[in-house]
Amino acid sequence: MPPPEAGTGPAEFTITVDGDPVPVRAGQTVAAALLAAGRRTTRRTRFADRPRGVFCGIGICFDCLVVCNGEPGVRACLRPAAPGDTVDTQRGAGEVTP
Ligand code: FES
């Protein structure tokens, strides 16, 4: 039996995003889990406080930055989600959005 494709099948665990549980399926990145949960904003811009989210999906644009386990500037599209991860919307260069 072939392994399931990434992002399919039942949720295997949850991560915490801005204080809320978000289900994660096998092989999903943080960005994929956020999008599957209907969360499109990963960060807010430094000066205009505008929402940004996944744009390229391949680690080039840096629009998907999040604070992951207290570390700012993590590209959600490249970071595999792991059990127990705590993800927060990033504001500017690394502050957490209240
Ligand atoms: S979406 Fe472009 S770096 Fe993540």
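The values are calculated or read from the model by the stated rules, or taken from the named source; none is laboratory data. What you see is a predicted model, and the numbers here were worked out from it, not measured in a lab. Because the Cβ atoms are built from the backbone with ideal geometry, glycine has one as well, and the counts that use them run over all protein chains shown. For the accessible areas, the whole protein counts, side chains as well, though only heavy atoms, and no ligand, DNA or RNA atoms are used. Shrake-Rupley method; radii C 1.70, N 1.55, O 1.52, S 1.80 Å.
Worth a mention:
- Long-range neighbours under 6 Å by Cβ, at least six apart or interchain, first residue within 15 Å of ASP20 (Cα to Cα) within region 83-96, second assigned to a strand (DSSP E or B) and of a type in the set (Phe, Trp, Tyr): PRO83/PHE13
- Residue pairs meeting the criteria (Cβ under 7 Å; at least 6 apart or on separate chains; first in contact (Cβ under 8 Å) with a residue 24 or more places away in the chain and open to solvent by less than 70 Å² (accessible area, probe 1.4 Å), in region 64-81; second more than 7 Å from the ligand (Cβ to nearest atom) and acidic (Asp, Glu)): VAL66/ASP88; VAL67/ASP88; CYS68/ASP85
- Residues within region 55-71 that are closer than 20 Å to PRO21 by Cα and within 16 Å of the ligand (Cβ to nearest atom), tallied: 6
- Of the criteria (1) of a type outside the set (Val, Ile, Thr); (2) open to solvent by 60 Å² or more (accessible area, probe 1.4 Å); (3) at pLDDT 95 or above; (4) out of contact with any helix residue (DSSP H, G or I) (no Cβ under 9 Å at 6 or more places or on another chain), which one ARG40 fails: (4)
- Annotation note: of ARG46, ARG75, the sole residue that is modelled with pLDDT of 95 or more and of a type in the set (D, E, K, R) is ARG75.
- Meets criteria (among the small types (Gly, Ala, Ser) and either assigned to a loop (DSSP other than H, G, I, E, B) or near the ligand (Cβ under 7 Å from one of its atoms) (or both)) for GLY84: yes
- The number of residues in region 46-67 being in contact with an Asp or Glu (Cβ under 6 Å, 6 or more places away or on another chain) and either among the charged types (D, E, K, R) or not in a loop (DSSP other than H, G, I, E, B) (or both) comes to 2.
- If you filter region 1-31 down to residues that are open to solvent by 40 Å² or more (accessible area, probe 1.4 Å) and of a type in the set (A, V, I, L, M, F, W, C), you find that the one that is modelled with the highest pLDDT is PHE13.
- Residue that is least open to solvent (accessible area, probe 1.4 Å) [pool: residues in region 45-54 that are of a type in the set (D, E, K, R) and away from the ligand (no atom under 14 Å from the Cβ)]: ASP49
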